[in-house]
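K.L.:
First the structure, which I've put down as structure tokens, then a few questions once you've had a look.
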Amino acid sequence: MIPAYFFAHGAPSIVLEDNDYTRLLKEFKDHNPKPKAIVLFSAHWEEAVQTVGAAATYDTIYDFGGFQDELYQMTYPAHSDRGLVEQILNLFTKQGVKSVRDEQRGLDHGAWAVLKLLYPDADIPVIALSVDRDLPNEQQYEIGKALAELRGQDVLIIGSGGTVHNLRKLNWRSGGIDGWAEQFDNWIQSKVEAWDMESLFQYRKLAPHAGEAVPTSEHFIPLLLAMGAGDPGRSAKLLHRSYQYGNLSLSCWQFN
């Protein structure tokens with residue numbers, strides 16, 4: 001059973017950068033078996049009903065502005081897999097999760113920026129999945145858990161978001177780390193490593209600086225979804241954590 005992962009996707013320009021984090025992503029394929037398919041929850045695809053991407057070939061969505069021209073020339077023409085889409089819809093139904101397919105939507109940067117670093121050839125089927133910030137955290141975990149058995153079929157499950165993601169707090173010239181961001185992530189790390197879901201579900205009340213770190217929850221939710229997919233083993237390993245612009249966290253978690 002292959003692990004599930006949480007990858008922070010940072011700013012869209014991450015795909016052009018060379019640092020410890022991007023090198024980790026670029027080298028991922030060299031140290032792990034090639035998956036049969038990739039299932040990815042993106043913080044940048046929000047729907048009130050769980051939606052499953054089923055495009056024959058995904059368009060590339062440039063859901064950002066003001067970045068390098070090179071980014072707007074990039075594409076990631078991955079394709080979906082109809083059989084796996086049906087299987088995912090059935091798994092959601094068994095879990096009591098209402099879900100629908102979408103055969104039109106492309107991949108947003110929360111998906112393609114990460115995937116282009118991991119598997120630049122776009123030669124692996126991708127099933128893009130939406131998130132819903134209005135669901136209770138317990139239900140987010142259950143959605144991820146519904147897909148856990150896919151890991152035994154060589155399907156790589158990824159949550160793409162960011163534990164500390166507050167664009168209003170970014171310092172574009174900062175080379176340091178804001179203490180409040182690090183304190184929040186330290187708390188998160190301790191609870192994830194202990195698989196303390198009771199505390200994680202209540203992170204807004206219990207974690208220091210949660211309001212600053214997570215002003216809106218769509219970027220945090222993919223962590224809970226990935227942990228849900230990791231529920232059979234409940235073993236967490238932090239592979240990387242760093243920061244950009246003072247507090248934008250770049251972290252990678254592996255769930256065995």
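K.L.:
Name the lysines eligible as straight-distance cross-link partners of K169: C-alpha to C-alpha under 21 Å, and not fewer than 8 places from it in the same chain.
P.N.:
K205
K.L.:
Determine, for the stretch 1-114, the count of lysine pairs separated by eight or more sequence positions (or lying on different chains) whose alpha-carbon distance falls under 29 Å. Write down the numbers at each step before the final one.
P.N.:
Details: K26/K34; K26/K36; K34/K94; K36/K94; K36/K98.
Value for the stretch 1-114: 5.
K.L.:
Taking the Cα centre of the chain as origin and charging only Cβ (+1 Lys, Arg; -1 Asp, Glu), how large is the dipole, in debye to the nearest 20? Walk me through the numbers before you get to the answer.
P.N.:
Values: 23 positive and 33 negative charges, 80 e Å.
In debye, rounded to 20, the chain gives about 380.
K.L.:
Which of these values of Kirkwood radius over Cα pairs in Å was calculated from the structure shown: [x] 22.1; [y] 18.1; [z] 20.6?
P.N.:
So the calculated entry is the one marked [y].
K.L.:
If I model a spin label as a point 7 Å beyond the Cα along the Cα-Cβ vector, how far apart are those points for N256 and K26 in nm?
P.N.:
For the pair N256/K26, the computed spacing is 2.8 nm.
K.L.:
Show which aspartates and glutamates lie in cross-link reach of K237 when reach means a straight Cα distance below 18 angstrom and same-chain residues fewer than eight apart are skipped.
P.N.:
Correct list for K237: D20, E27, E182, D185, E193, D196.
Taken together, the values in this text are just the output of simple stated rules run on the coordinates, not laboratory data. If you're wondering where the values come from, they're calculated on a predicted model, not measured in any experiment. Neighbour counts are summed over all protein chains in view; Cβ atoms, including those assigned to glycine, are modelled from backbone coordinates with ideal geometry.
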